[in-house]
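Read the structure below first, then the notes.
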Amino acid sequence: MTLPFELVAQGKVREVYAVDDDRLLLVASDRISAYDVVLPTPVPDKGRVLTALSVWWFEQLAPVLAEHGAEHHLLATGDALLAEGVPAELAGRSMLVRRLEMLPVECVARGYLSGSGTVEYQRSGAIVDVELPAGLVEGSRLPEPVFTPSTKAEVGEHDEAIGFAQVVDAVGAERAEALRALTLALYRRGAEIAEEAGIVLADTKFEFGTSPSTAGPATLVLGDEVLTPDSSRFWPAITWSPGAPQASFDKQYVRDWLTTSGWDRVAPAPELPEAVVAATRERYVTAYEKLTGRSWS
Ligand code: Q0Z
């Protein structure tokens, strides 16, 4: 699909276009990645479901943002974008957002130990400068959610965990404190809502910016996508069992099939069978329906 806008950033599964000086269009595709590789088979409706989920979360999190004197970047989505020249085929998986000056840190919150957090913990008993109690295992719930920021890696690289002092160096002490407090407050509210829906929100990554147009002291603005399975770890609460890697809410069928396929995890990945695609699509729809209490269609 060619858009009447300039492409300004491209991720593995989504793109950013410039609409004008003040606004961007974030377009989510139906592409899916597994083991860091984009698969050749799209998952129908993934882009629309994740966009709808992000939009819903922006609404849910608005009170938390307001308590902290912060805002979000979402301006419009769906059919409202047709008037801006967004083609109908893309409107449902697009968000029109305020163009921000993005802060150069990934704001990660973890309520459970997993992945690179577990690796760091096993090595040092901490995640960089955040000390954790002894005896935790992959999948453990942490006594309190923790702020474990990371650098923004270049495409193809992995984000690297940084200490709070590096956040201070990057954005200043006052803003670093505000980012930590806001990240943890947003995570706590998100995890509470997810828990009520039978989903463990193990961890998530937020990106913040500041708005060049906001008058007075710079306001923190929540950007990017929020609390989707692509920016977070979602686990089914019913199978949560610390001590081994947890089943992924959305990608478990894909990972299981790729493992049994004998693929060596070096690109290119094989095409997914229809049944795996259908089951995975269903998982995205189920996550949307459980969280929002709305029917997908
Ligand atoms: C976010 C990203 C994606 C690749 C740019 N409101 C904003 N203002 C300025 N910049 C951004 C945003 Cl959201 C911005 N990214 C991350 C998103 C594909 C990279 F969809 N890049």
The answer for LEU75, listing residues at least 5 apart or on another chain whose modeled amide H is closer than 5 Å to its amide H, is LEU96, VAL97, ARG98
Based on the Kirkwood radius over alpha-carbon pairs, what is the Stokes-Einstein translational diffusion coefficient of the range 181-228 at 10 °C with 1.306 mPa s viscosity, in µm²/s? 130 µm²/s
Residue ranges of DSSP H helices in the chain that stretch 18 Å or more (Cα, own long axis) and have mean Kyte-Doolittle hydropathy of at least 0.0 are 46-67
Part-to-part distance (alpha-carbon centres) for the range 195-234 and the range 1-77, which is given in Å: 12 Å
Consider a paramagnetic label point 7 Å from the Cα of LEU7 along Cα→Cβ; state which residues of the range 150-173 have an amide N under 19 Å from it. 154-157
The range 9-104 - percent relative contact order, Cα under 8 Å, separation 6 or more: 29 percent
Can you give me the Cα centroid spacing of the range 253-270 and the range 93-139 in angstrom? 26 Å
Quick shape check on the range 1-71: root eigenvalues a ≥ b ≥ c of the Cα gyration tensor, a/c under 1.5 is rounded, otherwise prolate if a/b tops b/c, else oblate, and it reads oblate
Inter-label distance, nm, simple model (7 Å from Cα along the C-beta direction), GLU59/ASP22: 2.5 nm
When the charge dipole of the chain is computed with +1 at the Cβ of Lys and Arg and -1 at the Cβ of Asp and Glu, the Cα pointing farthest to the positive end, of PRO143, THR77, TYR187, is that of PRO143
Output the Kirkwood hydrodynamic radius of the chain, Cα pairs only, in Å rounded to one decimal. 20.0 Å
Highest-MSF residue in the chain out of SER140, SER211, SER261 [GNM, Cα springs under 10 Å]: SER261
What residue among THR239, THR183, THR151 has the largest mean-square fluctuation in a Gaussian network model of the chain, using Cα springs under 10 Å? THR239
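Quick note: the coordinates plus some simple rules give every number you see, no bench work behind them. Note that the structure is predicted; figures quoted are calculated from it, not measured. Here Cβ is always computed from backbone atoms with ideal geometry, including for glycine, and neighbour counts include all displayed protein chains.
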